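The values are calculated or read from the model by the stated rules, or taken from the named source; none is laboratory data. Everything numeric here is computed off the predicted structure, so don't read it as measured data. Because the Cβ atoms are built from the backbone with ideal geometry, glycine has one as well, and the counts that use them run over all protein chains shown. In case anyone asks, the SASA skips ligands and DNA or RNA and just uses the protein heavy atoms, side chains included. Shrake-Rupley method; radii C 1.70, N 1.55, O 1.52, S 1.80 Å.
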Amino acid sequence: MGLIASSLNRERVRKMEAVIQPAERIRGTIRVPGDKSISHRAVILGAVSEGETEIKGFLRADDCLSTIRLFHQMGVRIEGEGTDLTVHGVGLRGLQEPAEVLDVGNSGTTIRLVAGLLSGQSFFSVLTGDASIRRRPMGRITQPLQIMGARVFGRQGGTLAPLAIAGGSLRAAEHVLPVASAQVKSALLLAGLLAAGETSVEEPALSRDHTERLLAYLGGRLRREGNRVFIAGGQRLWARPLWIPGDISSAAFFLVAAALVPGSDLVVENLGLNPTRSGILEVLAAMGADLEVRGEELVSGEPVGTIRIRHSRLRGIRIGGSLIPRLIDELPVLAVAAALAQGETIIEDAQELRVKESDRISAIAQGLTALGAKVSPKEDGLIIQGVEHLRGARVEAFGDHRIAMALAVAGLAAQEETILQGAEAVSISYPDFFPTLSRVAQ
Ligand code: S3P
């Protein structure tokens, strides 16, 4: 039985411990919540468009609710229930100076994208977030924004939040990014939209392109040359209805669970299949997963389809290079797949994992090791020797939603009960993760 229980311990911060029983099989048809990256962008770009953006499939989870809260503070009306939302756009120059500090909670996407947008406004603002956000690198946005003339300040020479932004006029720049990061690229494209002249952003490998797609969908003009994207300042955006597909990063936990647990057969419908996000499907296929993709169509500028996955024996693989940005958020759960695959898996070129919501290399290595996996962390990734079985253990999420869900999947595939501490972290991107898991884990 894949029964999942949770015990709530109401202290000052609500802590949750999840008890995960080994699953006999994973079966059923599910839909996962709306894409987190697209949900943030829908609110941000909807807010600065002209007209009302009607959104369907919005991700109502802590991170995206932080983005909504920020735009409320800047005078944007956003209303709706459940996954339907209406954003009353105010145009690129219609935001109001927030009277209070803007708190992004745990959301890196919010702080980085909004910092780009606020650099070109005519008012002062301060952005901060939780302890994890205040540890994460911000120099990667403040430095290129300063080149555009932005007056952005922060702790440690502008490299850490809180960030203070004295908005003003910006000039276009040609940026060459040292790391492939959609958050940095998007921050600079938003600043570019407000700058005089044409801004370009080149990345070493293509990162998720949701900002580019949504800008184009809302009437923005951009052009791309290889890994370089150009945007001219002074454009306006026009509201259009928007359907957000299921988040492949949330589906990833179920895909890996079904691949690992014998007797599994799972269908995930209405899933975003953007090629800049679907690296996990290529990796699972190369590891020998029994995977089928069908019914692909374009919805609001994003590819969407259905995936069926059945259990099969997986084998180890090498994961690195330009594939990394296309599956960066799925690496913790792919490490779980590798822990039970035949042979060795090497994950390399993934040093970015060290500066996510937690140090994900160390967090997943600790959790998997406790469960009996053979994992060696390295500076830019992990080396994993597959084992036949995982054992139950007490593991820790380190305040990181994706570590929590990856270790829950490991627990399902383990031989005894696993106790996951800090399971409440799932509310950042997937509040219904445990109920959905209970439904398909038998
Ligand atoms: C995101 C980009 C990625 C990803 C994050 C969401 C986005 O971060 O890890 O979960 O929505 O743009 P980086 O841009 O730092 O790689």
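Of all DSSP-defined beta bridges confined to the chain, some 75% are antiparallel rather than parallel. Once the Cβ-Cβ distance of R31 and E79 is raised to the sixth power relative to R0 = 30 Å, the FRET efficiency obtained is 0.80.
How big is D for the stretch 36-242, in µm² s⁻¹ as a whole number, if Stokes-Einstein is applied with the Kirkwood radius of its Cα pairs at 25 °C and 0.890 mPa s? Reported coefficient: 148 µm²/s. Could you tell me how far the Cα centroid of the stretch 362-437 sits from the Cα centroid of the stretch 169-223, in Å? Centre-to-centre (Cα) distance: 35 Å. Distance between the C-alpha centres of the stretch 264-326 and the stretch 52-94: 29 Å, rounded to the whole angstrom. Between E198 and V355, the modelled labels are 3.0 nm apart [label points 7 Å from Cα along Cα→Cβ]. Take the Kirkwood radius over Cα pairs of the chain, plug it into Stokes-Einstein at 37 °C and 0.692 mPa s, and you get 150 µm²/s for translational diffusion.
Using a probe of 1.4 Å, the accessible surface attributed to W243 totals some 130 Å² when neighbouring protein chains are kept in position. Within the full protein context, the accessible area of E97 is estimated at about 110 Å² for a probe radius of 1.4 Å. Exceedance of the 22 Å cut-off in Cα-Cα distance is limited, within the set K15/K374; K36/K356; K36/K185, to K15/K374.
Between the helical axis of 108-119 and the longest alpha-carbon principal axis of the chain there is an angle of about 10 degrees. Compared with the alpha-carbon gap, the fully stretched path from Q342 to Q146 is longer by 65.7 nm at 0.36 nm per residue. When the charge dipole of the chain is built from unit charges on Cβ atoms (+1 for Lys and Arg, -1 for Asp and Glu) and taken about the Cα centre, the candidate among G158, L281, L412 whose Cα reaches farthest toward its positive end is G158. Between A205 and E416, residue separation times 0.36 nm minus the direct Cα-Cα distance comes to 71.9 nm. The C-alpha atoms of the chain define a longest principal axis, and helix 401-412 lies at about 10 degrees to it.
Only protein atoms count toward the accessible area here, which uses a 1.4 Å probe; on the chain, the carbon and sulfur part of that area reaches 49 percent.
Highest-first packing order for the peptide set 56-63, 166-173 is 56-63, 166-173, based on the mean count of other beta carbon atoms within 10 Å.
Against the main long axis of the alpha-carbon atoms of the chain, helix 36-47 sits at an angle near 20°.
The HN-Hα couplings worked out from phi for the stretch 79-85 by the Karplus form 6.51 cos²θ - 1.76 cosθ + 1.60 (θ = phi - 60°) are 9, x, 10, x, 9, 9, 9 Hz, whole numbers, x standing for Gly and Pro. Ranking L284, L323 by solvent-accessible area of protein heavy atoms (1.4 Å probe, all protein chains present), from largest to smallest, gives L323, L284.
Per-residue ellipticity at 222 nm computed for the chain from its helices equals -8500 deg cm²/dmol, with DSSP H segments shorter than 4 residues left out and the rest contributing -39,500 (n - 2.57). Considering only V201, V268, A180, whose Cα is most displaced toward the positive end of the charge dipole of the stretch 169-296, charges sitting on Cβ of Lys, Arg (+1) and Asp, Glu (-1)? In the stretch 169-296, that residue is V201. Relative to the current alpha-carbon distance between K374 and R221, full extension at 0.36 nm per residue lengthens the span by 50.2 nm. Normalised by the number of residues in the stretch 36-242, the average gap of Cα pairs under 8 Å and 6 or more apart makes the relative contact order 21 percent. Between R394 and I419, the built amide H atoms are under 5 Å apart, and every one of these is 5 or more places off in sequence or on another chain. Note on E50 and A166: with the Förster distance fixed at 35 Å, the Cβ-Cβ geometry gives a FRET efficiency of about 0.85. For the peptides 198-207, 354-363, the ranking by packing is 354-363, 198-207, with the highest mean count of neighbouring Cβ atoms within 10 Å listed first. The phi torsions of the stretch 213-228, fed into the Karplus equation with coefficients 6.51, -1.76 and 1.60 and a -60° offset, translate into couplings of 5, 6, 4, 5, 4, 8, x, x, 9, 9, 9, 10, 10, x, 8, 10 Hz, rounded to whole numbers, with Gly and Pro shown as x. With all protein chains kept in place, the per residue accessible area of the chain amounts to 36 square angstrom at a probe of 1.4 angstrom.
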